[in-house]
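Trainee: Below is one structure. I have some questions about it.
No value in this document is a laboratory result; all are computed from the given coordinates. Quick caveat: nothing in here was measured; it's all calculated off a predicted structure. For neighbour counting, all protein chains shown are included, and Cβ atoms are generated from backbone atoms with ideal geometry for every residue, glycine included.
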Amino acid sequence: MYKLAFIVILLLLPYRSKCQHSLTDEVWKHFHELVSLPIKEQLEGFKNLQNRCIQQKLTTDSTYTNLLFLYAGAEFSDHNIKNAISLLKDAINIAIKYPNGTPLAYLSKYLFYLAYYQAEIGELANAVRNYNKAYQLGIKKYNKWRIPSMVCQALSHIYYEIEDFQRGLSYATLGANIDKQNDDNFNLTKNIYEQCINLLRLGKTAEIVIKMDSLSNLVENYSTEIDKGTYYEFFAEVYSETGDYSAAKFWFNRALKIFKKTNSSADIGKIYINLHYLSILQNQLHLSDQYESLAFKFSNSGYHLSRFYNNKAFIYKKQKFRDSTKFYLQKALTVLPMNFKPSNVFENPKATQLKNLSQKDYAFSPLLDKAEILALDKTNKTNLKYALNTYQLLDTLVDYIRWQHQGMATKLFWREKLNSLYEQAIETAYQLNDTEKAFYFLEKSRAVLLLDQLNSHAAKNVLPQAEADKEAALRMQVSYYQNKGDPNEQLSDFLQAQAKLDEYVQDLEKRYPRYYEYKYNNHVPRLTEVQDYLANSQQSLFSYYEGKQGIYLLVVTPQKSLLKKIDSASYYSNKQELMSFFAHTNQFNQQYERYLQTSNRFYQLFLAPIKSYLTSRVIVSTSSAIIPFAALSASAQKADYLVNHYAFSYTYSARALLHQQVHPSADKAQNYFLGVAPVDYPYKSSLARLSGATKALKDNQQLFQSSLLFTNEKADKASFERQWPQAKVVQLISHAYADQENTQPLIYFADSSLSLNDIHQEQAQTQLLVLSACRTGIGKDYQGEGVFSLSRGFMGAGVPSIYSTLWDVADQDAYSLSHQILKSASKEVPLDLALQEAQVNWLRKADRSKQIPNAWAGIILLGSSNPLAPEPTQYVWLWYFLILSAMVTFGSWFWMKKRTEKKL
C-alpha cells in the first residue's frame, strides 16, 4: 500500500527572526547541530535544550515551540509516537495561548504533524480533525511549507484506506488545484496520484487514462526513485484494467527494476504474481511457469499467495478442469491468515474466520468461483446444496465488507459488483425449488443500503452522541488498519482494532439493546413472517429479479408462495418496447393501439402466468426502474387497465416494508398537514409559473383540521427543511428534475433547489409525503440498490409512504388526482386503495383524451400502504363543545338557584 512521503523535518526548520536575543540564537544554532546527529543523541540534546529554555523562561515564543516540534520529530523517529504527540500538543497549546509568539504558519505545521503522528497509531478521528485545522490555518496566507496541499494528500489517502473513495477523490482534487496555483509540481504529482488511485477503486478507469500522460511526465521529473516504483506499478494496474496487457507488462517490469534496487521483496513478489496472471491472459504459458517459480520465491504474504492460487484456478476453469479448479480455489482460501484447514474441497471457512481477515475481498473471489463451479451441474443436488451454503457464506462476507466501507459511492460500487453472486444464488435456489432461500437472496440483492439508512435512523435516537462518536472512531480505525501497508505487518494492529470494536459493540448491546437491534439488524424475515404481515390487509407480494440467465418471479400471499422463471430475452425485448412509451409519453396519443398491444403482450408474458396467485392488492418489490403496472392492459383490443383489477404499491424490499410498520403517533405532529408551493421561480427563468398550485393546496387544506401552508416567496428551502419533519402529511407542489444518468435529482423552491444529497435523516413525524412534481420517482438506477430518486431520499430519511411521479404530469391533472387521493386518505382509506380509487374514478369521468395512461398512471405509491393515523384534532372541538355546554348548563343552574334563593 502506498505510504505518504513527507518532507524531512530537517528541511522544515523554520526561519528565525533577526531580533532574537543571544539565548535564542544559541538555541537555533543547536537545532541545526542536533538534527544531523544519530537519533539517541538527538533525544538527549533536545531534552537538555528544553531544560535550559525552561530555566531561562524562554517558553512562550516560536523558538520554544519549534524546539518541541523538532524534539517530537526525534521521538517519532525513535518510534516513541505517544511522546511525540505529547510534545506537539504542548507546542500547540503554547502557540494558541501566546498567539503573538508563534506565527499561524508554524501552528499549521504543528497541527499537520500532530495529525500525521495520530494517524500512524490509528487515532483517525483525531487525525482528521487536526488535519482540517491545519488546512484552515494554512490557507489564511501563503504557507511556505505547502501545508494545505500536504493536508489534502494525507486526508485523501486516509479516506482511500478506509474505503471512502469519493471523499478521497475530493480532497486530492482540492490539493491538485492548490498545487497548480502555486506551481508546485512535487506535490501536484502526489495529489494527482491520489486522485487516480481513488478513481481506480471507483471503477472510473476512463478518467484515469485521461490523466496518465501528465502524471507520467510529472513522475519522471518530480518524484523520488522509491516513489517511482509505486507509480509504475499503478500504471501497470490501470493498463491491466483497460485490457492493454503489453503496456501493463512494460510498466510492471519498470516497477520491478526499482523494487530490486530497493530490495523490496514483498513488492517484487507481488509484481511476479501480476506478470504470471498477465501471461495467463495472453496465453503465454511458457512465461507463466517462469513467473510462477519467481512468485513463490519472493512472496511471503498469505494474501498475495491467495491471489496467485486464484489465478491458477482461473487457468483450469478456462480449460474446464473442474476438480483442479476446486483444488486451487481451496488452496487460495487455506493460505489466507485465518487458520482454515479443510478436510475436503467442499468445506468452507467459518464466518468468524472470515471476519478476522483484514483484507476480506481476497476471500470473496475464490468463494464465488467455488460456488459457481459447484452449481454448474444442475442435476447434482448435493453439489447444488453445497453451492447454496457457499453463497450464504459469501453473503455474510459481503455484510462484513459493507460495514467496513465508509463512503456511499464505495458502497454503491461494491453493490453493483454483487449482481453475479445474487443471480447465481437465486438460480441455485430455483434449481433446488427452495422458495425460502430464493426469497432470502432476493431480499439481500436489493436496497441493503436503504435498510442500513433506516436502521441507522432508528438507532441514533436511542444512543448518546458521545457513544456514537466513539463507535464511529473505532470503526474508522479498523478500516484504516485493514488497508494500510503490508498485510502481514498490519495484521496484529488490525486484529487489536477489530477486537476493541467487537468488545465495544458487545458492550453497547448490553447497555443499549434497542440500539444494537436497530443498527445491526441484518435479519431477513422468513416467508411466514411476510405472510403474517400480508394477512392483515390481504395483500400479495410480487418480487422479481432481472438476471442474465432468466427473470425470477416470486409471489407470496397470506396462504401460499410461488417461484417461477421466465426467459430473459423475451422479457427484455418486450420491456424495452413498453418502457419507450413511458419515456416518451407523446407516443400514447400517436400510437395508442400499438401501446395496448405492447402492454398486453408484456402482461401476458409477465403477470398473466401468476394471476391466480395475486390478490386484489399487490405490493411490487424490485431493484430496477419501476414499471407502472396499473397502466398495463389485460386486453390487446380495448383498454382494460390493471388499475381496474388491482391496487398496486411499490417497495424497495420486503425488509424495508416490514421495517416501516411502526410510525410515530400522530399527536406529536405540530401541524397534521403541511402544504408547500413556490408558484414562482425568479432565480430560474426556465421554470414555468404554477398558477393553480395555491388553490390546489387550499383545496387539500380543507380536508384536514390542523394545517400550515407556505406559498410564493414563503415556500423557500429553509422553511421546508425546518417544517416538513414535524407534519404528518406533507404535499410539495413544484418543479423537479431527474434523469436516469448521473444528474443529481432536484426539486425547486422559491429561492433555491434541494438535491437528493440535501435530504438528511431527521426525527421525522411524517407518515405520508405527496411529491406533486414531475419525475420525483426516477433517478440513476444502481444495480443492486435500485433507483436513487427524490422519493428514495425521503424514504431513507424515515418517511414510510410517498406518492411520487414517474413522468411529467399535466399540472391540473396532478392537482385533481392528488385531491381525490388525499380526500380518501384523510378518511383512513389504505393508501394503495386511495390511489386506485382516484385513478378508477378518473377513468370513469374523464373524456377520451384524458384516459390514456400518461394523464393518470404516472402517480405511484412507494412504501407502506397503511392508512393514515387519525387526526387527533378532529375530536378536540367536540370535547371543547361538551365542556363549554357543561359550563353554560352549570352556570345557568347556579344563576337560577341564586335567583330562587333571593326570592325566598
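Trainee: Could you order peptides 638-647, 538-547 by the average number of other Cβ atoms within 10 Å of their residues, highest first?
Mentor: 538-547, 638-647
Trainee: What nm distance separates the two modelled labels at Leu562 and Gln56, each placed 7 Å from Cα along Cα→Cβ?
Mentor: 9.3
Trainee: Considering Cα pairs under 8 angstrom that are at least six residues apart, work out the relative contact order of the stretch 82-155 and quote it in whole percent.
Mentor: On the way: 73 pairs, mean separation 20.9, N = 74.
Relative contact order comes out at 28 percent.
Trainee: Using Cα positions and a limit of under 27 Å, work out the lysines in reach of Lys684, with same-chain residues fewer than 8 apart set aside.
Mentor: Leaving aside lysines fewer than 8 places away in the same chain, those within reach of Lys684 are Lys695, Lys698, Lys714, Lys717, Lys780.
Trainee: With Cβ to Cβ distances under 14 Å as the rule, what net charge do the other residues near Ala295 carry (K, R +1; D, E -1)? Don't skip to the answer; put the middle values down first.
Mentor: Numbers: positive: Lys270, Lys297, Arg307, Lys312, Lys331; negative: Asp267, Asp289, Glu292.
It works out to a net charge of +2.
Trainee: Let me ask another. Return the FRET efficiency for the residue pair Asn339, Asn185: r is the Cβ-Cβ distance, R0 is 45 Å, and the value is rounded to the nearest 0.05.
Mentor: With R0 = 45 Å, the Cβ-Cβ based efficiency is 0.40.
Trainee: Right, another one. Listed here are the pairs Lys180/Lys228; Lys47/Lys141; Lys270/Lys548; which of them are more than 28 Å apart at the Cα?
Mentor: Numbers: Lys180/Lys228 21 Å; Lys47/Lys141 33 Å; Lys270/Lys548 35 Å.
Among Lys180/Lys228; Lys47/Lys141; Lys270/Lys548, the Cα-Cα distance tops 28 Å for Lys47/Lys141; Lys270/Lys548.
Trainee: Given the Cα-Cα distance of Ser685 and Lys470 and 0.36 nm per residue of separation, how much length would full extension add, in nm?
Mentor: 72.6 nm
Trainee: Could you tell me the center-to-center distance, by alpha carbons, between the stretch 352-406 and the stretch 100-134 in angstrom?
Mentor: 42
Trainee: Turning to a different aspect of this structure: Can you give me the Kirkwood hydrodynamic radius for the stretch 35-144, using every pair of distinct Cα atoms, in Å to one decimal?
Mentor: It works out to 14.1 Å.
Trainee: Using only the Cα atoms of the stretch 585-728, what are the Rg and Dmax in Å?
Mentor: Final numbers for Rg and Dmax: 20.7, 54 Å.
Trainee: Here is a follow-up. Give me Rg over Rh for the stretch 146-208, both radii from the alpha carbons and Rh done the Kirkwood way, two decimal places.
Mentor: That ratio is 0.97, to two decimals.
Trainee: If you don't mind, another one. Could you check the simple spin-label distance between Ile226 and Thr379, using points 7 Å along Cα→Cβ, in nm with one decimal?
Mentor: With each label placed 7 Å out from Cα toward Cβ, I get 6.2 nm.
Trainee: Turning to a different aspect of this structure: What's the exposure ranking of Val530, Val829, going from fewest to most Cβ atoms within 10 Å?
Mentor: Val829, Val530
Trainee: Arrange Lys57, Lys317 by Cβ neighbour counts within 10 Å, fewest through most, would you?
Mentor: So the ranking, lowest neighbour count to highest, is Lys57, Lys317.
Trainee: Next question, about the same structure. Can you tell me the order of 852-858, 219-225 when each peptide is scored by its average per-residue count of other Cβ atoms within 10 angstrom, highest first?
Mentor: Details: 852-858: 23.1, 219-225: 13.4.
Packing proxy ranking, top to bottom: 852-858, 219-225.
Trainee: Now, a different point. For the stretch 111-161, evaluate the Debye formula with one uniform point scatterer on each Cα (no solvent term) and list log10 I(q)/I(0) at q = 0.18, 0.27 Å⁻¹, rounded to two decimals.
Mentor: For the requested q values the scattering log ratios are -0.48, -0.98.
Trainee: Could you sort 708-714, 845-851 so that the peptide with the highest average Cβ count within 10 Å comes first and the rest follow in order?
Mentor: Order by mean packing, descending: 708-714, 845-851.
Trainee: Which log10 I(q)/I(0) values, to two decimals, does the stretch 532-657 give at q = 0.12, 0.15, 0.23 Å⁻¹ under the Debye formula with one point per Cα?
Mentor: -0.45, -0.70, -1.50
Trainee: Lys827 to Ser573: extension gain in nm, 0.36 nm per residue of separation minus the Cα-Cα distance?
Mentor: Going from the current span to full extension adds 87.2 nm.
Trainee: To make sure I understand, if each residue's beta carbon is the centre and we count other beta carbons within 10 Å, what order do Val676, Val840 fall in, fewest to most?
Mentor: Val840, Val676
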